[in-house]
Amino acid sequence: MVVSMKERVEATSSASNINKFGSEESLFDKNFKVVFVLGGPGSGKGTQCANIVKHYGFTHLSAGDLLREEIKSGSKSGGMIKNLMKEGQIVPSEVTVKLLLRAMLESGNDKFLIDGFPRNEENRVAFENLTNIEPEFVLFFDCSVKEMERRILNRKQGRDDDNMETIRKRFEVFNESTLPVIEGYNCKGKIRKIDADKPVDEVFENVKAIFSEFGIEEVSYKKTNIRAIMGFERIMCLIKWLSNVKKIFTKKILRYL
Ligand SMILES: Nc1ncnc2c1ncn2[C@@H]1O[C@H](COP(=O)(O)OP(=O)(O)O)[C@@H](O)[C@H]1O
Ligand SMILES: Nc1ccn([C@@H]2O[C@H](COP(=O)(O)OP(=O)(O)O)[C@@H](O)[C@H]2O)c(=O)n1
């Protein structure tokens with residue numbers, strides 16, 4: 001059965017379709033490599049993901065960023081997402097997982113850093129049931145509350161949830177809902193804990209050691225950057241466009257010869 005990318009993404013939006021491709025063909029039969037990135041709010045997940053993208057050619061998907069984009073897009077679930085985020089609460093998995101899967105399929109890459117996810121058991125189970133993907137490992141940025149608070153208050157990205165009242169709620173949600181997920185992965189030997197109180201470069205040295213433990217090698221800087229920024233499909237589109245431009249110019253030049 002040949003299933004188009006569009007059909008696959010659409011299939012994720014309805015629970016009754018979730019197993020449409022069932023055991024015959026998993027929704028993600030491709031050999032995707034996934035690393036989950038967890039840690040409290042402000043522990044430095046996004047900062048380290050940006051470094052990993054540059055060095056290892058992974059596509060960075062931040063669940064929080066995807067949810068913020070969904071609010072901006074004016075979608076009908078935008079209001080509900082906005083209210084939950086303002087309260088520091090976790091958005092229902094069906095929304096978040098759908099956004100993640102769409103971004104994965106559209107990226108053209110096969111290596112993903114999924115940041116801020118799974119945030120609770122519901123997130124973990126929903127993703128696993130839909131994709132059959134188990135993470136290679138889970139990076140856990142372990143940071144003190146005092147340092148996370150300091151970083152968030154200095155972050156100044158104009159986020160609705162970066163205020164003292166919501167920060168407190170986010171810490172509570174992290175302790176109640178995310179730590180048990182980390183504990184579960186720890187029992188499976190998947191957690192790689194990193195002391196995230198340290199300066200950015202030192203934290204990244206520890207991240208590199210973990211990638212090396214899993215045999216993941218650094219890739220050329222140029223190749224990584226172009227793919228991470230543009231995605232495979234956009235690169236193909238640009239090549240097509242350039243070849244059309246070249247044809248037009250060749251015709252024009254030939255006219256003068
Ligand atoms: N190791 C670090 N030491 C000091 N500041 C950091 C460190 N890592 C990140 N930051 C800063 O802390 C803030 C929060 O980091 P960010 O990567 O956005 O965290 P998260 O994605 O976990 O919420 C940012 O302003 C970032 O520049
Ligand atoms: N898997 C996720 C990730 C984020 N979120 C929401 O997005 C908010 C911001 O998450 P984030 O990962 O961008 O930021 P930090 O809290 O890590 O700084 C969370 O507090 C949740 O409200 C969610 O509901 N589910």
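Some values worked out for this structure:
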item: Condition met for G88 (on the phi > 0 side of the Ramachandran plot and within 16 Å of the chain's Cα centre (by Cα)); result: no
item: Boolean, G158 is open to solvent by 20 Å² or more (accessible area, probe 1.4 Å), away from ligand 2 (no atom under 16 Å from the Cβ) and among the small types (G, A, S); result: no
item: Subset of segment 66-85 (residues that are near ligand 2 (Cβ under 8 Å from one of its atoms) and in contact (Cβ under 8 Å) with a residue 12 or more places away in the chain); result: L67, R68, I81, M85
item: Subset of segment 30-77 (residues that are near ligand 1 (Cβ under 10 Å from one of its atoms), hydroxyl-bearing (S, T, Y) and over 18 Å from N120 (Cβ atoms)); result: T47
item: Residue tally, condition touching a Pro at 6+ places or on another chain (Cβ under 9 Å) and either within 11 Å of ligand 1 (Cβ to nearest atom) or in a helix (DSSP H, G or I) (or both), over segment 117-148; result: 8
item: Residues of segment 184-207 satisfying the condition of being open to solvent by 50 Å² or more (accessible area, probe 1.4 Å) and over 22 Å from Q48 (Cα atoms); result: C187, K188
item: Residue satisfying all of: in segment 72-93; more than 22 Å from N175 (Cα to Cα) and in a helix (DSSP H, G or I); most open to solvent (accessible area, probe 1.4 Å) among these; result: K72
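The values are calculated or read from the model by the stated rules, or taken from the named source; none is laboratory data. As the structure is a computational prediction, the values presented were derived from the model and not from experiment. We place every Cβ from the backbone using ideal geometry, glycine too, and count neighbours over all the protein chains shown. These area figures cover heavy atoms from the full protein model, side chains too; ligands, DNA and RNA do not enter into them. Shrake-Rupley method; radii C 1.70, N 1.55, O 1.52, S 1.80 Å.
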